[in-house]
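Worksheet: the structure to be examined is printed underneath.
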């Protein structure tokens, strides 16, 4: 997985433009917060791991009486969230080493963040540590098999292009089990998003920081011929409703501290 410093710098640099291009993340965030709003009305203390700009957490702050906390490894994100959400306690923190005491949260949640972890077991063990007994973890995550169109286009343009580094379901289940959290709900969905063209998709990744966070030049920007070959392949083969599409393989999961 990408080095932590690479992820931290990439998302800090993109904090100012993140909300302009994060429609997909907002969609999964709504799915996640719908589940929390429905089931956790009595929660007293909630933590968002990977709070980003704070837009998803703000939905909970407007609808719940719980004390809300958030953290993000990227200082740019955490500082922007502090400006956007005055009533949320926000820190810069690594999800694999959370700066909170044991057994203090009723709910921990995270939206499209954990796929960036280097040590999944450590991250989930930290959640287990800070949750109260009976506490719940809710999170959305990208699974292996996301963006198959992009990887096909990259492979067609350059056989040495990057491969899918996302976790698969078997690995993720194992990491949760090893942490001591018990899986209560596991839902996998395919979300199709539409873009004006492949360049529009590439721009979206740049604006949210995902291209730089990979720690390698996924789009071969230094190789003009390979890059435009990838763009042409994508625009020709993955065209629908007068736009190109990208498919995301998302899991929405609840795991409890027993």
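The values are calculated or read from the model by the stated rules, or taken from the named source; none is laboratory data. Quick caveat, the model's predicted, so the values are computed rather than measured. A quick note on method: Cβ atoms are made from the backbone with ideal geometry, for glycine too, and the neighbour counts reach across all protein chains shown.
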Being crowded, with 18+ Cβ neighbours inside 10 Å and either in contact with a strand residue (DSSP E or B) (Cβ under 7 Å, 6 or more places away or on another chain) or modelled with pLDDT of 95 or more (or both) narrows it down to one of 15, 42, so name that one.
-> 15
Quick check, is residue 78 at pLDDT below 95 and either closer than 22 Å to residue 207 by Cα or over 13 Å from the mean Cα position of the chain (by Cα) (or both)?
-> no
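Quick grid of which residues meet (1) under 29 Å from residue 17 (Cβ atoms); (2) crowded, with 16+ Cβ neighbours inside 10 Å; (3) modelled with pLDDT of 95 or more:
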{"site": "84", "(1), (2), (3)": "yes, yes, no"}
{"site": "93", "(1), (2), (3)": "yes, yes, yes"}
{"site": "103", "(1), (2), (3)": "no, no, yes"}
{"site": "115", "(1), (2), (3)": "yes, yes, yes"}
{"site": "131", "(1), (2), (3)": "no, yes, yes"}
Checking residue 144 against (1) part of a loop (DSSP other than H, G, I, E, B); (2) at pLDDT 95 or above; (3) more than 20 Å from residue 213 (Cα to Cα), which test does it fail?
-> (3)
Which condition breaks for residue 153 when tested against (1) closer than 20 Å to residue 26 by Cα; (2) surrounded by 16 or more Cβ atoms within 10 Å (Cβ to Cβ)?
-> (1)
